[in-house]
């Protein structure tokens, strides 16, 4: 059974710091991994999608890596800003007989960037 | 495109009442997902549709929950009868074809069952 965990559960950093959020999954048979951002009381905004054949994806100050063999993904945020404060979730789409099979979310990391 | 649209945004009801949540996916997207988010269990996939057909409803908690997608632009999630433990935020998401399967989420419906 695929399980997704995220460490740390919460993180507080001063503005300007670079930081890394971690996502681990137990079954390497995944189709892809997606990082989301969720602001309080809001829906999820897609940040980066990494296909299983890819090692990393970059968008602006964000860089996500994927190591399928070790069951890990990291989200690197450079030069953090107060506007980056949110909960960050990772989700894996497990391989299966159907096109989509299960999409399993991690519990999220709550990030606070202090001005 | 306006993105995924959900209504209502907030719903407060009494135990035993029927609740209907609505979703309009992004035009042209083949897949539609219903999720539930709670503090205890995080984000859980309830059911998803492909071309209006339910593919996997194994995440639906019990028979009180049902979902329909009568056409490509509309889906409902119904709870009958509702219970306090159903209180959660319900999200709808849509996605284009399997070759490009990024999911786009709606703003959610916050359901409170008293």
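The values are calculated or read from the model by the stated rules, or taken from the named source; none is laboratory data. Only a predicted model underlies this, so the values are computations on that prediction, with no experimental measurement involved. Please note: Cβ atoms are built from the backbone with ideal geometry, for glycine as well, and neighbour counts cover all protein chains shown.
Looking only at residues of the stretch A:42-51 that are touching a strand residue (DSSP E or B) at 6+ places or on another chain (Cβ under 8 Å) and free of Cβ contacts under 8 Å to residues at least 24 places away in the same chain, we find that the one that is farthest from the other protein chains (Cβ to nearest Cβ) is A:50. Check the stretch A:16-23 and report whether any residue there is at pLDDT 95 or above and under 21 Å from residue B:38 (Cβ atoms). Yes, that holds for at least one residue. Quick one: count up the residues across the stretch B:21-40 that are surrounded by fewer than 13 Cβ atoms within 10 Å (Cβ to Cβ) and over 25 Å from residue A:107 (Cα atoms). The total comes to 2.
Looking across the stretch B:55-72 at every residue that is modelled with pLDDT of 90 or more and not in a strand (DSSP E or B), the one that is farthest from residue A:6 (Cα to Cα) is identified as B:72. I'm trying to understand the selection: among the residues of the stretch B:99-114, which are without any contact (Cβ under 8 Å) to a residue 60 or more places away in the chain and either at the interface with chain A (Cβ under 8 Å from one of its Cβ atoms) or surrounded by 20 or more Cβ atoms within 10 Å (Cβ to Cβ) (or both)? Once the filter is applied, which keeps residues that are without any contact (Cβ under 8 Å) to a residue 60 or more places away in the chain and either at the interface with chain A (Cβ under 8 Å from one of its Cβ atoms) or surrounded by 20 or more Cβ atoms within 10 Å (Cβ to Cβ) (or both), the stretch B:99-114 yields only B:102. If I filter the stretch B:11-23 for residues that are more than 12 Å from the chain's Cα centre (by Cα), part of a loop (DSSP other than H, G, I, E, B) and modelled with pLDDT under 95, do I get at least one hit? Checked the stretch B:11-23: no residue is more than 12 Å from the chain's Cα centre (by Cα), part of a loop (DSSP other than H, G, I, E, B) and modelled with pLDDT under 95. Each residue in the stretch A:1-24 was checked for being surrounded by 15 or more Cβ atoms within 10 Å (Cβ to Cβ) and not in a loop (DSSP other than H, G, I, E, B), and 9 of them qualify. Among the residues making up the stretch B:24-43, those that are in contact (Cβ under 8 Å) with a residue 12 or more places away in the chain, assigned to a strand (DSSP E or B) and within 12 Å of chain A (Cβ to nearest Cβ) are B:31, B:32, B:33, B:34, B:35, B:36, B:37, B:38, B:43. Could you tell me whether the stretch B:60-71 includes any residue that is within 11 Å of another protein chain (Cβ to nearest Cβ), under 11 Å from the mean Cα position of the chain (by Cα), under 24 Å from residue B:26 (Cα atoms) and buried (at least 18 other Cβ atoms within 10 Å of the Cβ)? Taking every residue of the stretch B:60-71 in turn, none turns out to be within 11 Å of another protein chain (Cβ to nearest Cβ), under 11 Å from the mean Cα position of the chain (by Cα), under 24 Å from residue B:26 (Cα atoms) and buried (at least 18 other Cβ atoms within 10 Å of the Cβ).
When you scan the stretch B:73-86, do you find a residue that is crowded, with 18+ Cβ neighbours inside 10 Å, in a loop (DSSP other than H, G, I, E, B) and more than 10 Å from the chain's Cα centre (by Cα), even just one? So far as the stretch B:73-86 goes, yes, one or more of its residues are crowded, with 18+ Cβ neighbours inside 10 Å, in a loop (DSSP other than H, G, I, E, B) and more than 10 Å from the chain's Cα centre (by Cα). Total residues in the stretch A:25-54 satisfying the condition of being over 23 Å from residue B:3 (Cβ atoms) and either at pLDDT 95 or above or part of a strand (DSSP E or B) (or both): the figure is 4.
Are any of the residues in the stretch A:91-101 under 12 Å from the mean Cα position of the chain (by Cα) and either surrounded by 14 or more Cβ atoms within 10 Å (Cβ to Cβ) or in a strand (DSSP E or B) (or both)?
Yes, there is a match, as at least one residue in the stretch A:91-101 is under 12 Å from the mean Cα position of the chain (by Cα) and either surrounded by 14 or more Cβ atoms within 10 Å (Cβ to Cβ) or in a strand (DSSP E or B) (or both).
Checking each residue in the stretch B:44-54 for being more than 12 Å from the chain's Cα centre (by Cα) and either surrounded by 16 or more Cβ atoms within 10 Å (Cβ to Cβ) or part of a strand (DSSP E or B) (or both) picks out B:50, B:53, B:54. Would you tally the residues in the stretch A:25-41 being more than 16 Å from residue A:84 (Cβ to Cβ), surrounded by 17 or more Cβ atoms within 10 Å (Cβ to Cβ) and at the interface with chain B (Cβ under 9 Å from one of its Cβ atoms)? Of the residues in that region, 3 qualify. With respect to the stated conditions, residue A:110 fails to be more than 14 Å from chain B (Cβ to nearest Cβ) and either farther than 23 Å from residue B:3 by Cα or part of a loop (DSSP other than H, G, I, E, B) (or both).
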